[in-house]
Structures are given as C-alpha cells and as structure tokens.
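**Q** There's a structure below that I have some questions on.
Bear in mind these aren't lab numbers, they're just calculated from the coordinates by the rules spelled out. Being a predicted model, the structure only gives us computed values, none of them experimental. Positions of Cβ are backbone-derived with ideal geometry, glycine not excepted, and every protein chain shown enters the neighbour counts.
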C-alpha cells in the first residue's frame, strides 16, 4: 500500500515535470519565431524597380520617387561609384544599378541612384564587385559631381553580393 502511494506520487510528479517541459519548449519556440520575424521585418530587401512608383500616368521627363519607402530600413544590391574616401576606404558613394553607371553619359535618372554615407569606410579596392547596402532610406534629391540622386541611405551594413 505504501509502495503504491509513493509510485502514484512519482507518476504525478513526472507528469507535472513533463507538462512544464512542454510549456517551456513551446514558449521558446514562440519566442524564436517572434525574434526571427522581428529581425526580418526590420529590413526589407528591395530591388531597383521598387524605387520607381507604379502609376497610371507616364511623364517621360519627370522622375517619380517611391515615397512609401521613405524612412524604412531597406537592403538593396548595386555597384559603388565613389564620391569621398579615407585612405583606401570609401565613405561616400553612389549606389548604382549596373557597372559603369554615372561614368558613362548620360547617367540613370535620379530615381535609380542612391547617395550612400557610411561611418565605417568600405574597401575601395573592391569597387567593381556588387554589394548589398542595408540602412534607412530617405527620399531626398541631391546633386553631386556625377549626377542627381533621388534617394539617400545612411548605411548600417555593407556586404558583398553573392550571386
């Protein structure tokens, strides 16, 4: 009789431990999903066509900007056209959609050029390689030596584009 009561107590305790362990794993699973979706929601991967707003009205000599991107954190691929450097590192550049843009005449329209600044210089020896730039994008026109840009990004991260 005593043995039976102890066994019943152990079964109840094991059941409680199993139930708590299930709850703990479920909680960690939900937390992991929330963290993963939060980080992926922080930066939106965009392409060059996303910089052009799609409208029914076509005006050939007017560059239109996608104002829905203003203030968002984005990740966009492109090529670097340097504007300022520190040693061999580039600190200000234009991000362009294809190799040689802005070096050849005429440059792409302003809604296809992004002015980028970075606090950490990017290695200037790798300018012909495509890169990803992640940062907050602002709709802002600027004129520099090469062209007029329609967007500005303060880069949080620059990395090589793997293709």
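**Q** Could you tell me the calculated FRET efficiency between residue 85 and residue 129, based on Cβ-Cβ distance and R0 = 22 angstrom, to the nearest 0.05? Please list the in-between numbers first.
**A** Details: r = 16 Å, r/R0 = 0.74.
It comes out at approximately 0.85.
**Q** In what sequence, highest mean first, do 62-68, 113-119 appear when ranked by Cβ atoms within 10 angstrom? Don't jump to the answer; show the numbers that get you there.
**A** Values: 62-68: 13.9, 113-119: 20.9.
Going from most to least packed, we get 113-119, 62-68.
**Q** Just to be sure I understand the model, the point goes 7 Å from the Cα along the line to the Cβ. What's the resulting residue 161 to residue 98 distance in nm?
**A** Distance between the two pseudo-spin positions: 1.2 nm.
**Q** With a ≥ b ≥ c taken as the square roots of the eigenvalues of the C-alpha gyration tensor of the range 45-160, please select rounded if a/c is under 1.5 and otherwise prolate if a/b is larger than b/c or oblate if it is not? Walk me through the numbers on the way to the answer.
**A** Values: a/c = 1.96, a/b = 1.46, b/c = 1.34.
Prolate.
**Q** Which whole-number percent gives the relative contact order of the range 45-160, counting Cα pairs below 8 Å spaced six or more residues apart? Could you put the intermediate results ahead of the total?
**A** Working: 256 pairs, mean separation 32.0, N = 116.
Reported as a whole number, the value is 28 percent.
**Q** Evaluate E = 1/(1 + (r/R0)^6) for residue 73 and residue 105, where r is the Cβ-Cβ distance and R0 equals 41 Å; express this FRET efficiency to the nearest 0.05. Write down the numbers at each step before the final one.
**A** Working: r = 33 Å, r/R0 = 0.81.
With a Förster radius of 41 Å, E is 0.80.
**Q** Another question about this same structure. Of the listed peptides 92-99, 71-78, 156-163, what is their order by residue-averaged count of other C-beta atoms within 10 Å, with the highest listed first?
**A** Answer by packing, highest mean first, reads 92-99, 71-78, 156-163.
**Q** Let me ask something additional. So between residue 146 and residue 49, what do we pick up on full extension, going 0.36 nm a residue minus the alpha carbon distance? Could the numbers behind the result be given before it?
**A** On the way: separation 97, 0.36 × 97 = 34.92 nm, distance 2.16 nm.
Taking residue 146 through residue 49 to full extension adds about 32.8 nm, to one decimal.
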